[in-house]
1. How about the stretch 535-579: which of its residues are part of a loop (DSSP other than H, G, I, E, B) and of a type in the set (F, W, Y)?
2. Taking the stretch 319-345 only, how many residues are outside any helix (DSSP H, G or I), among the aliphatic types (A, V, I, L, M) and over 22 Å from the mean Cα position of the chain (by Cα)?
3. Quick check on the stretch 61-116: of everything there that is buried (at least 19 other Cβ atoms within 10 Å of the Cβ) and within 16 Å of the ligand (Cβ to nearest atom), which residue is nearest to D495 (Cα to Cα)?
4. Give me a count of the residues in the stretch 304-318 that are part of a helix (DSSP H, G or I) and either out of contact with any helix residue (DSSP H, G or I) (no Cβ under 8 Å at 6 or more places or on another chain) or open to solvent by 10 Å² or more (accessible area, probe 1.4 Å) (or both).
5. Being open to solvent by 10 Å² or more (accessible area, probe 1.4 Å) and within 7 Å of the ligand (Cβ to nearest atom), is that true of even one residue in the stretch 46-55?
6. I'd like the full set of residues that are within 23 Å of N346 (Cα to Cα), out of contact with any helix residue (DSSP H, G or I) (no Cβ under 6 Å at 6 or more places or on another chain) and part of a helix (DSSP H, G or I), limited to the stretch 381-408.
7. Which ranges mark the strands (runs of 3 or more DSSP E) fully within the stretch 617-734 that have 2 or more residues being crowded, with 18+ Cβ neighbours inside 10 Å and over 27 Å from the mean Cα position of the chain (by Cα)?
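The values are calculated or read from the model by the stated rules, or taken from the named source; none is laboratory data. Just so it is clear, the model here is predicted, and its values are computed rather than measured. Here Cβ is always computed from backbone atoms with ideal geometry, including for glycine, and neighbour counts include all displayed protein chains. Surface areas here come from the heavy atoms of the whole protein model, side chains and all, with no ligands, DNA or RNA. Shrake-Rupley method; radii C 1.70, N 1.55, O 1.52, S 1.80 Å.
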Amino acid sequence: MTDGARSATGTGDDPREVATHCPYCALQCGMTLRAEAGRVTVAARQFPTNRGGLCQKGWTAAELLDHPERLTTPLLRDRPGGELRPASWAEALDRVVTGIRAVQTGHGRDAVAVFGGGGLTNEKAYALGRFARVALRTRHIDYNGRFCMSSAAAAGMRAFGVDRGLPFPLSDLGRADTLLLVGANPAETMPPLVRWLTEQRERGGNLIVVDPRVTATARHADLHLQPLPGTDLAVANALLHVALTEGWVDREYVAGRTTGFDAVRRGVAGWWPARAEALSGVPVADIEATARALGTAERAIILTARGAEQHAKGVDTVTGFVNLALALGLPGRPGSGYGCLTGQGNGQGGREHGQKADQLPGYRRIDDPVAREHVAGVWGVPAEELPGPGVPAYQLLDSLGTAGGPKALLVFGSNPVVSAPRAARVEGRLRDLDLLVVADFLLSETAALADVVLPTAQWAEEDGTMTNLEGRVLRRRALREPPPGVRTDLAVLADLTHQLQGGAPSYRLVHRKGPLLTPKQEHGATPEHGAGAVDAADPRVVFAELRRASAGGVADYAGVSWERIDENDGVFWPCPDTDGPDTPRLFADRFGTPDGRARFHAVEHRPAAEEVCAAYPLHFTTGRVLAQYQSGTQTRRVAALRRVAPEAFVELHPDLAGRLGVAEGEPVRVVSRRGDMVAPARLSPGIRPDTVFAPFHWGGAARANSVTNDAVDPVSGMPEFKICAVRVEKVTEP
Ligand code: SF4
């Protein structure tokens, strides 16, 4: 079987094997799913990003398809505080529609809000944005990607005029002479990517990691800079300071391809390495060695990830490293550049097609009159009827149920009770709603609070597209139909739309025996929205409309077809023409700004939103572990992953543990001004003695986000997950 094919090795026309991609992270590793002897198995397959590798999460992804806790019937709560009970789809959808109408009649259209996710397919993200703006006519839609990648997105847009995680193929990493990873731990978050790092080092390359902890990735590095959390920007400015004083700045590139360098040059003049060392703890010699490795390399790449981003100054911190890359003349040169390692499976596509508060499809701004006219034309509504911008995710969640805030929330593909900062407060806001609707395939902590739970399909049960961390649009292919009682998100949105508009359901859930796409659909022309009968629940139809809505935008998918994806291991956006090329590499000749030049922005270090004090003397930082994913709704239910990572922990330095009288495995309580968490201590000399770490995958008493700060970046709205002030107590009570 070739990649992209659907084979019929089972009985009849049943699809029994498909080439698809992992449901989890943005690496979107290629895998083959097989239905054999009543069970679904996973096999790794060769794909340019993973080259035949998968991590534990990918290998075990199919275990959830027939998991005993899977939801297969809608659930309703008849009264506040009552239990959820099974219900029919008709009753559940009627409750949703009735509830939406009551809230909007009483409080206005903006009283209903929508919350999406960075794991939704492009088609779903697009349909969710259209549903909010056209069916609900609310300005309130945002998504959990705001918590993951929004600071690098904002920094990329203001510097390059384009936000694409990697503006070059992943394979470029293997060619870089120097690779600087800032706040990125791919050895745990996306292990197959480490093959590229290994290749880079085997070629004699220099790998430098900036991270407050000795992570699995840092252990691979030639040099590890271990700054105090929240001081990366000081290190970035000091690196540029050294590059300037040593004459490593590419002045021809700066003069010919950028604007705004003088202000940056003046700004970093005061960031001599000793000053950065005093603030960050990174030795002068290491700052100088890093600057030299970058400044004298023929090919160098700088990558940032959540460690740099998840701060109240995340946009400026990323900008500091973008400034460094531009000053060295890296972006647009083969084997060189700046990039961001996107986290969630469709973190890239999910932020392009309209589920962000300020955005329309194609990465258009919702406050741009030209963009509104274009998208409204595709949607068949007057532009003046489209709502204006909403508010970023945390601001939205924190306003729920308050005076003037939304009274109803529809959640698709997200679990903010575990993943939002200051989570206890968010949980309280959700409880204050008149109506909470959650579409999910498992009873997440958020779904458990809902008035209506809608059971939806899993990744192996629906077709669609995803856009990986390289901006490569991929095909997700269905192996089988959803089980009886389960519907796709697109079907739910289509049905709600028609019921809200007073019509009948626009689709019928057909239990098909054969392939989910007809041969004509698989190989023939893409059906266009508006041409005859339209099945708004059909992802291919939705994608055709997405292509038209994105045409001419920054993220232009007009020339991307499912057939073209199949033939080419994916298609890189922008791809405006079906007959024209796609764009694996950006910025070779010009940037996406109006004048084609990249823009420097002078950025200054500032303290974290919450500094340590006598009552809260330690820094707290959060992150991920290899065997769990995001809020853990899925991976905590996979037995093999649970064996590897069964529970949360609090990582602390042995010296700190000694002062607290805590031994390995003993429970400790981490306390901040907002709340606390309890988990076993894990002692590690790889963490600074002034810092403690906890993974954020668990809820309940071990919820790390009970502790985190809800301060947000003023530009991106990204919360400060990576630093707040805490104290740690030994737990003595039973
Ligand atoms: Fe690949 Fe990420 Fe899936 Fe692991 S979780 S198999 S790294 S896509």
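1. The first filter runs over the stretch 535-579 and keeps only residues part of a loop (DSSP other than H, G, I, E, B), leaving 535-538, 551-561, 568-570, 573-579.
Listed by number, the residues that qualify are Y557, W573.
2. Filtering the stretch 319-345 for residues outside any helix (DSSP H, G or I) gives 328-345.
In the following step, the residues that additionally are among the aliphatic types (A, V, I, L, M) were identified as 328, 330, 341.
After this cut, where a residue has to be over 22 Å from the mean Cα position of the chain (by Cα) as well, the list is 328, 330.
Residues in the stretch 319-345 being outside any helix (DSSP H, G or I), among the aliphatic types (A, V, I, L, M) and over 22 Å from the mean Cα position of the chain (by Cα): 2 in total.
3. Ranking the qualifying residues of the stretch 61-116, first place goes to L65.
4. Step one: filter the stretch 304-318 for residues part of a helix (DSSP H, G or I), giving 306-309, 314-318.
Filter once more, keeping what is either out of contact with any helix residue (DSSP H, G or I) (no Cβ under 8 Å at 6 or more places or on another chain) or open to solvent by 10 Å² or more (accessible area, probe 1.4 Å) (or both): 306-307, 316.
Residues in the stretch 304-318 being part of a helix (DSSP H, G or I) and either out of contact with any helix residue (DSSP H, G or I) (no Cβ under 8 Å at 6 or more places or on another chain) or open to solvent by 10 Å² or more (accessible area, probe 1.4 Å) (or both): 3 in total.
5. yes
6. Just the residues of the stretch 381-408 that are within 23 Å of N346 (Cα to Cα), to begin with: 389-397.
Filter once more, keeping what is out of contact with any helix residue (DSSP H, G or I) (no Cβ under 6 Å at 6 or more places or on another chain): 389-391, 394-396.
Scanning the stretch 381-408 gives Y394, Q395, L396.
7. Values: elements: 618-623, 650-652, 667-671, 676-683, 691-695, 724-730.
Counting at least 2 such residues, we get 667-671, 676-683, 724-730.
For (1) in a helix (DSSP H, G or I); (2) over 31 Å from the mean Cα position of the chain (by Cα); (3) in contact (Cβ under 8 Å) with a residue 12 or more places away in the chain, each residue gets a yes or a no:
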site	(1), (2), (3)
L279	yes, no, yes
D286	yes, yes, yes
A291	yes, no, yes
I302	no, no, yes
